[in-house]
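I have placed the structure first, in the form of structure tokens, so that the comments after it can refer back to it.
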Amino acid sequence: MSKEILFVLNRKRGSVKAQLTRIKNFVNNLDEKDKIKLESKMDTLKSLRIKLSDIRNEYYKVMVKDSDLESLELEILDLEDDCEGIQVRIKNIISKIDLKNNDVTSCGNNFNNIKLPRFNGSYHDWFNFKEQFISLIGSKNSLTDSQKLYYLKSTLTGIAKDIITVDDSYTSLFECLKKKGLRTRN
């Protein structure tokens, strides 16, 4: 095993570790949520993961003893775990930015051409209403609970509308529609 090659590999590993630390500090101290910078950091993390894989392979070529490889392998695995953790954190931040940028009016435009089902409280209409509403609105992860509540309230008529309160959340109102006398036979 050449000491020069090992020295170069250790420096490469140290460089990757330093870049990971800088990215982690950037993400943890993010004052303004800048999506473009975060996406750039994601690209950097992808390339760092490739570099770590290459460094590992180079170590395998020059290290003769398995015992020497164990500690290096553990350190590289730790760096890969850090990299993955930072990527997950960045994806979560980007998702929150995207949700924040999609207010009710912008999401409303997506549904302009779709006629939402109406529900008046009739037992006979409940199943069709529930299935259609969940399919069109309730199952959409891109909508916040506030947006779903807005759409749910807008579909209610007659006695179904009478159960709306100011304290309702999307989940509580939907559950109330299920549980209250609206599903019992008249």
(message) Place a point 7 Å from Cα of K12 in the direction of its Cβ. Which residues in the range 25-63 have their backbone N less than 16 Å from it?
(response) 47-63
(request) Scan (1) 1.01; (2) 1.23; (3) 1.28 for the value of Rg/Rh (Cα atoms, Kirkwood Rh) calculated from this model and give just the label. (result) (3)
(message) Given the -39500 (n - 2.57) contribution per DSSP H run of 4+ residues, what per-residue ellipticity at 222 nm results for the chain, rounded to the nearest 500 deg cm²/dmol?
(response) -24000 deg cm²/dmol
(message) For the pair N92/R22, report the inter-label distance in nm, with labels modelled 7 Å from Cα in the Cβ direction.
(response) 2.5
(request) Assign unit charges at the C-beta atoms only (+1 for Lys and Arg, -1 for Asp and Glu), then state the dipole size of the chain relative to its Cα centre in Debye, rounded to the nearest 20. (result) 660
(message) Which one, L156, N120, N141, is farthest towards the positive end of the dipole of the range 116-173 when Lys and Arg carry +1 and Asp and Glu -1 on their Cβ?
(response) N141
(message) Report the gain in length on full extension from N57 to N128: 0.36 nm times residue separation, minus Cα-Cα distance, nm rounded to one decimal.
(response) 19.8 nm
(request) Just report the Cα centroid separation between the range 159-176 and the range 15-89, whole Å. (result) 48
(message) Please compute the modelled spin-label separation between V64 and K178, points set 7 Å along Cα→Cβ, answer in nm with one decimal.
(response) 6.7
(message) For the pairs K96/K148; K115/K153; K46/K140, flag any whose C-alpha to C-alpha distance is greater than 19 Å.
(response) K46/K140
(message) Using the Karplus curve 6.51 cos²θ - 1.76 cosθ + 1.60 with θ = phi - 60°, what ³J(HN,Hα) values do you get for each residue of the range 164-179, in whole Hz, with x for Gly and Pro?
(response) 5, 10, 6, 8, 5, 10, 4, 5, 5, 5, 5, 5, 5, 4, 5, 8
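Coordinate-derived values only; no laboratory data. Please read these numbers as outputs of a predicted model, since none were measured by experiment. Positions of Cβ are generated from backbone atoms using ideal geometry, with glycine treated the same way; all protein chains shown enter the neighbour counts.
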